[in-house]
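Peer 1: Take this structure first; my questions come after.
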Amino acid sequence: MLVSFSLMVAMAIMVYSFRNSLDAWMQRILPADLYVRAGSSGLTSYLDEDAQARIRGIDGIARVDFVRFQDVTMPGFGLPLTVIARPIDEAHADQVLPIRRRDTAPAPAGTVPVWASEAALDLRGLDVGTVFDLPLGGQAVRASVRGLWRDYERPGGSVVLPRDVFVRYTGDTRATTSALWLQPGTEPDDVAARIQEALQGRGGEYQVAVPREIRRLSLRVFDRTFAVTYLLEAVAVLIGLFGISASTSSQVLARRGEFGMLRHLGVTRGEIGRMLAVEGRRSAPWACSRAW
């Protein structure tokens, strides 16, 4: 029972720690007031220049950052590497990404700065200071890793680079999502309605969400994924209880002669049961001390 309880506590602490880390990461990675996404899933829907201009012209918006996601294939790996093009520079990278480590030395000449995720380090060896060929726009671009950041979303790894660099090498000005900072006193629901109205009739699907809603949906998926751990905890407790009952039953069977003598002397079944309970309570501290 002690081992089962320890396993249950360890699993509960592990899941709670994972959940808190994910929530803290989402609060760090979603700093804007409102987010607009083209399409419900995948990377095949975009905000073109016309859609971007319409979003910029909506009243109540103080700042807009357009972000582009694109999967690229790297040699020797099954999972694609996700390229994230967004407004970023070396001076303010800590304000945009949850940077873990960064390179303080100047970037090598002729390279573009990128920030690699920890998964990209583990799978592809893209450590701080690494120079590698990044496929962009049908050509290999020399890139230098300026820092490492934590990314829980893309298991194949990702790299972030300035959006103007991405546009320069690919000529593609489309965006996948946009982050909107609102003017003081502006209601997100009002701006969301204006965005839907501005993009209406363009075809396609556009999702508008506030960060708390994104976090709520993400944590719901997390809880659903780890729901099996609660079943495992219950199984561990049941196994412990079964072990206790089996141990008690074996002791009772081994002492049948003793109990028969006590019954012959007039001891009732209830009194024998209470005697076993008292013996169990007295032996528990000794068992715990032996376990420690």
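The values are calculated or read from the model by the stated rules, or taken from the named source; none is laboratory data. Here the structure is a predicted model, which is why all the values come from computation and not from measurement. A quick note on method: Cβ atoms are made from the backbone with ideal geometry, for glycine too, and the neighbour counts reach across all protein chains shown. Surface areas here come from the heavy atoms of the whole protein model, side chains and all, with no ligands, DNA or RNA. Shrake-Rupley method; radii C 1.70, N 1.55, O 1.52, S 1.80 Å.
Peer 1: Measure out, as a whole number of angstrom, how far apart the alpha-carbon centroids of the range 128-194 and the range 220-278 sit.
Peer 2: 59 Å
Peer 1: So what's the back-of-envelope 222 nm ellipticity for the chain, counting only DSSP H runs of four-plus at -39500 (n - 2.57) apiece and dividing by all residues, rounded to 500?
Peer 2: The helix contribution divided over the chain gives -15500 deg cm²/dmol.
Peer 1: Order of 189-195, 135-141, 84-90 by packing, highest average Cβ count within 10 Å first?
Peer 2: 84-90, 189-195, 135-141
Peer 1: Also, I was wondering about something else. Along Cα→Cβ, 7 Å out, is where each label goes; now give me the distance between the ones at Thr73 and Ser17 in nm to one decimal.
Peer 2: 3.9 nm
Peer 1: Arrange the residues Thr176, Thr248, Thr111 by how much accessible surface each exposes, largest first, with a 1.4 angstrom probe.
Peer 2: Thr248, Thr111, Thr176
Peer 1: Using a 10 Å cut-off on Cβ atoms, rank the peptides 205-213, 258-266 from the highest mean neighbour count down.
Peer 2: Highest to lowest by the protection proxy: 205-213, 258-266.
Peer 1: Grab the eigenvalues of the alpha-carbon gyration tensor for the chain, scale each by 5, take roots, and send me the semi-axes largest first in whole angstrom.
Peer 2: 60, 25, 16
Peer 1: How much of Ser6 can a 1.4 Å solvent probe reach, expressed as accessible area in Å² and rounded to 10?
Peer 2: 60 Å²
Peer 1: Something else now. Take Phe242, Phe226, Phe18 and sort them by solvent-accessible surface of the protein heavy atoms, 1.4 Å probe, largest at the top.
Peer 2: Output order, biggest surface exposure first: Phe242, Phe18, Phe226.
Peer 1: How much accessible surface area, in Å² rounded to 10, belongs to the heavy atoms of Tyr46 with a 1.4 Å probe?
Peer 2: My reading of the accessible area for Tyr46 is about 60 Å².
Peer 1: I'd like the trypsin sites (Lys or Arg not before Pro) in the range 13-95 restricted to DSSP loop residues with at most 15 other Cβ atoms within 10 Å, sorted by number.
Peer 2: Those that pass, being in a loop and sparsely packed, number zero.
Peer 1: Moving on to the next point. I'd like to know which of Ile195, Tyr169, Ala179 lies farthest towards the positive end of the charge dipole of the range 163-207, counting +1 on Cβ of Lys and Arg and -1 on Cβ of Asp and Glu.
Peer 2: Tyr169
Peer 1: Send over a whole-number figure in Å² for the accessible area per residue of the chain, probe 1.4 Å.
Peer 2: 58 Å²
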